[in-house]
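First comes the structure, then the notes that go with it.
The values are calculated or read from the model by the stated rules, or taken from the named source; none is laboratory data. All values reported here derive from a predicted model rather than from experimental measurement. Backbone-built Cβ (ideal geometry, glycine too); neighbour counts: all protein chains shown. Each accessible area value is taken on the protein alone, full model and side chains, heavy atoms only, with ligands, DNA and RNA left out. Shrake-Rupley method; radii C 1.70, N 1.55, O 1.52, S 1.80 Å.
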Amino acid sequence: MNPKPAISLHDVSLHFDQRRVLDGVTADIPSAAWTAVIGPNGAGKSSLLRVMAGLLSPVGHGSGHPKRSSDGSQLLGDVSIQGRLVSEWPAPELARHRAWLGQQEPGSEDLRGLDVALLGRLPHQRWWQGPTAGDVQAAEQALRDSGTWALRERRLGELSGGERQRLMLARAWSVQAPLLLMDEPLAHLDPPHQADWLAQVRRHCAQGHAVVSVLHELNMALSADWLLLLREGRLVHAGAPTDEATRLALEAVFDQRVVVHAVGSRWVALPDTPAAQEALALPEPAQPQESGPWPSVQPLHEPQLEERLQHLLNQKTKPLGSLGRIEALAWQIGRVLGTEAPVLERPQLLVCAGDHGLAARGVSAYPSDVTWQMVENFLSGGAAVSVLARQHGLALSVVDCGVRHEFAAREAASGAPQLLLRKVAWGTADASEGPAMSAEQCAEAMANGAALVKDLPGNVVLLGEMGIGNTSAAALLMSRLTGEPIGRCTGAGTGLDAAGVAHKRAVLQQVLHRHAHVQSPVDVLAAMGGLEIATLAGVALQSASERRVVLVDGFIASAAVLVAARLQPAVLERCVFAHVSDEAGHALLLRHLGAQPLLKLGLRLGEASGAALAWPLLVSACALLREMASFESAGVDSAKL
């Protein structure tokens, strides 16, 4: 069952001095998401936000008072919060449920920073009480979260505009309301503090809450989960940011041609000019490394090698750039292996398997026993990845990381798949009731992954997995580590129908709520991940540290790489992403990783089947770089091409 919208607007109109400020606005604002309201000056953005907050009374379209719909079931011109009309909320209860941050907030110049934050706790107090110890604790936590702890004893009159605005934000966070309505929250803030605000918004939404903000910073707004675009009081567009739909809406609202493209993990809009196209090509800044007991992965920085590789590709007997992605692939592999003549040697295909306690909550169309049965199928040579490994000469190792089954140790025949027993536990625990893994189990699984790589020959590793319930674990990791709402990360997995997907999302939302305090990558992995995903994260880290090429399969393998990249961002330089799968969330996750997948075949099998299918492209890219003639060696006049 889908959650109720955070706010529902029913044919909302608003008049000031005979002027219609809002004109028949109807929209649902999603829960557990950030909604940005944008439009030109005078579009009615702030008025709409005040209507949502219950500070202005709307009317039905074309009338001076509310009216019923034709069937009498709906009050037009009113606003509902969580399915309840604003007019029916008792004022104290409404004040606790939604926090309001307006423009030009009043306040005595003598107020201290802590006093400002405490003002947000007023809805929680009875008229005869002052702030309780709990109120002070909440206000102090808001100061810490907003980075304004140093301002707690300073007076408003002593502060800059940006410092005052940050305290106003702290006041809004201190309410601890499930719904935050913010009018121009980024006013006076410099880019680092805008980024801090965005991180807080993501954390708030990850806990199942909703944020609605009026913004003038267009490209910040395009980072939101949901957009409302207004023009002259009318709603022009409501929906998630996409390239084409958002472009058309922006052009209709602002009367200017724009380009909207994905840049890394976000959408960017700029005027439709050549300079805009150049700006869109800029990479996102690298994230800092996180230290820990995992291998260190240093950024690849060999400018001379990179220039030589590009020169070699440019001088091949072909029009410049005519091999497209294959040229970029050859350049990347040469850079990872540190050579102008790369050869992929003894490729290792790892399928890591584990069971998930969360599967008992009905998040998969198949029972957990399928995990161990498929492991036996891999080993006997009957699975898709077994066939592809034989076809392409890939050494297939199946790793028991945490399957609920006792496998007998066995010797593999030459060239046949081998079984590696690295069982940490008999599956994970139910993440809806507690952490899926203990910290020790998670660390052991990651260490197992690193040790596996150390024992394997070759210079390339293909990542695969098997585990009933592991699309749920991957969706949870993606949601918490990227800030995306769980609904955008969750799909059908093994083939759930619509009702099954809705149930799965509801269960995963419960897991996120239970572990709302967990934020660091390893803690998130332990709380919500799987033993096979933790092992793959260790494989990725160790492979990257040894400058092996890492060929990543689908959604679950990409989630493991996401964890590894949050720990050591330079891992991504060694990763080739085989394909974009049909599993909901994978394309969005790849955008967060800044990845360009090689294939789009509608796959959603897992097992590293997509990686095995993409493997020949890597072999061809290296062969072309090594063996294709240059203009000079072939005696071809490049001017004729």
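Against the criterion of solvent-accessible heavy-atom surface with a 1.4 angstrom probe, L250, L56 sort, most first, into L56, L250. Along the axis of the charge dipole computed for the chain (Cβ charges of +1 for Lys and Arg, -1 for Asp and Glu, origin at the Cα centre), the listed residues A557, G24, L463 are led at the positive end by G24. In the frame of its principal axes, the stretch 298-369 has Cα extents of 57, 28, 24 Å, reported largest first. Relative to the longest principal axis of the Cα atoms of the chain, helix 133-145 runs at roughly 50 degrees.
Extents of the stretch 587-641, largest first, come to 47, 22, 17 Å (Cα atoms, principal axes, whole angstrom).
The mean sequence distance of close C-alpha pairs (under 8 Å, at least 6 residues apart), as a share of the length of the chain, puts its relative contact order at 14 percent. By a 1.4 Å probe calculation restricted to protein chains, R155 has an accessible surface near 100 Å², given to the nearest 10. Treating each Cα of the stretch 369-508 as an identical point scatterer and summing with the Debye formula, the log10 of I(q)/I(0) at q = 0.09, 0.10, 0.16 Å⁻¹ comes to -0.33, -0.41, -1.02. The order of the peptides 414-422, 552-560 by mean Cβ neighbours within 10 Å, most packed first, is 552-560, 414-422. Across the options A221, V539, G415, the greatest Cα extent toward the positive end of the charge dipole of the chain (unit charges at beta carbon of Lys, Arg, Asp, Glu) belongs to A221.
In whole angstrom, how long is each semi-axis of the equivalent ellipsoid of the chain, when you take the square root of 5 times every eigenvalue of its Cα gyration tensor and sort them from largest down?
48, 30, 24
Highest mean packing first, where packing is the average number of other Cβ atoms within 10 Å per residue, the peptides 88-100, 326-338 line up as 326-338, 88-100. These residues, S543, S620, go from largest to smallest accessible area, 1.4 Å probe, as S620, S543.
H579 contributes about 10 Å² of solvent-accessible surface, heavy atoms of the protein only, 1.4 Å probe.
Tell me the angle of helix 303-314 to the major Cα principal axis of the chain, expressed in degrees between 0 and 90 and rounded to the nearest ten. Between helix and principal axis, roughly 70 degrees. Put a plus charge on the Cβ of each Lys and Arg, a minus charge on the Cβ of each Asp and Glu, and nothing anywhere else: the dipole of the chain about its Cα centre is then about 560 debye.
In whole angstrom, the stretch 444-554 maps to an equivalent ellipsoid with semi-axes of 28, 16, 11, each derived as √(5λ) from the alpha carbon gyration tensor and ordered largest first. Relative to the dominant Cα principal axis of the chain, helix 439-454 is inclined by about 30°.
As a rough guide to protection, the peptides 311-319, 205-213 ranked by mean Cβ packing within 10 Å, highest first, stand as 205-213, 311-319. Scaling the Cα radius of gyration of the stretch 112-156 by the globular reference 2.2 N^0.38 Å produces a ratio of 1.11.
In the chain, the DSSP beta bridges split such that about 40 percent are antiparallel, to the nearest 5.
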